[in-house]
Amino acid sequence: MDVSTKQQRIAGLARKFPERAFTSLHHYIDEWWLAEAFRRTRKDAAAGVDGQTAEQYAVDREENLRTLRERAKSGRYGAPPVRRTYLPKGVGPEKRPLGIPTFEDKVLQRAVAMVLESLYERDFLDCSYGFRPGRSAHQALQTLWQSVMSMGAGCWLLDVDIRKFFDTLDPGTRGCGRF
């Protein structure tokens, strides 16, 4: 069974049993799935803390993916630390932190995302754009523009910067919905 067929199967199960909590989907992540995740992972992105590039990982790709699968399925896989770098944020001295995972971790993240996309894609509204397959920020802006223009002068458009918002949250309230 190929990856797209498996994704369709996961999506079909999610549609058929919308009330079900799927607790075990790791059996879908096999060598074929990881090979597809490898194919979909950006090859020109920066290397993580181990310095390994996509090109270096590809030299022994099949063995690397086999051992990655074994470690992930046995519970022995632990995500390595991310390489932290800082990018300029707008004008001025402020910088935005960026975490860069290792290439292998990016592949496994992509594999898990492929499972979760298959499971949860049906739950999103058509107007949802963030980090969805086949959707982009440019499409979101185009839809917003079309909606605003169709309303004429009777609408408000607010641009809100939540910069440092999460710095103000009390860590003891995590997951409680209180601020």
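The values are calculated or read from the model by the stated rules, or taken from the named source; none is laboratory data. Owing to the predicted nature of the structure, the values given are computational and were not obtained by experimental measurement. Note that we place each Cβ from the backbone using ideal geometry, even for glycine, and neighbour counts take in every protein chain shown. We work out accessible area using only protein heavy atoms, side chains counted, and drop any ligands, DNA or RNA first. Shrake-Rupley method; radii C 1.70, N 1.55, O 1.52, S 1.80 Å.
Structure summary
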item	result
Of the criteria (1) open to solvent by 30 Å² or more (accessible area, probe 1.4 Å); (2) part of a loop (DSSP other than H, G, I, E, B); (3) in contact with a strand residue (DSSP E or B) (Cβ under 6 Å, 6 or more places away or on another chain); (4) not basic (Lys, Arg), which one ASP50 fails	(3)
Single residue of the stretch 31-47 satisfying the filter (open to solvent by less than 30 Å² (accessible area, probe 1.4 Å) and not in a helix (DSSP H, G or I)) that is nearest to ARG83 (Cα to Cα)	ALA47
Number of the exception - LEU141 against (1) surrounded by 12 or more Cβ atoms within 10 Å (Cβ to Cβ); (2) part of a helix (DSSP H, G or I)	(1)
Counted residues, the stretch 87-119 - those being under 18 Å from the mean Cα position of the chain (by Cα) and either more than 20 Å from GLU31 (Cβ to Cβ) or open to solvent by 50 Å² or more (accessible area, probe 1.4 Å) (or both)	11
Which numbered condition PRO133 misses (of (1) within 11 Å of the chain's Cα centre (by Cα); (2) assigned to a helix (DSSP H, G or I); (3) farther than 24 Å from PRO81 by Cβ)	(2)
Leading residue by the ranking (least open to solvent (accessible area, probe 1.4 Å)) among those in the stretch 14-30 that are without any contact (Cβ under 8 Å) to a residue 40 or more places away in the chain and in a helix (DSSP H, G or I)	HIS27
Pairs where the first residue, in the stretch 142-165, is more than 19 Å from TYR129 (Cβ to Cβ) and the second is at pLDDT 75 or above and among the basic types (Lys, Arg), C-beta under 9 Å, 6+ apart	ARG163/LYS89
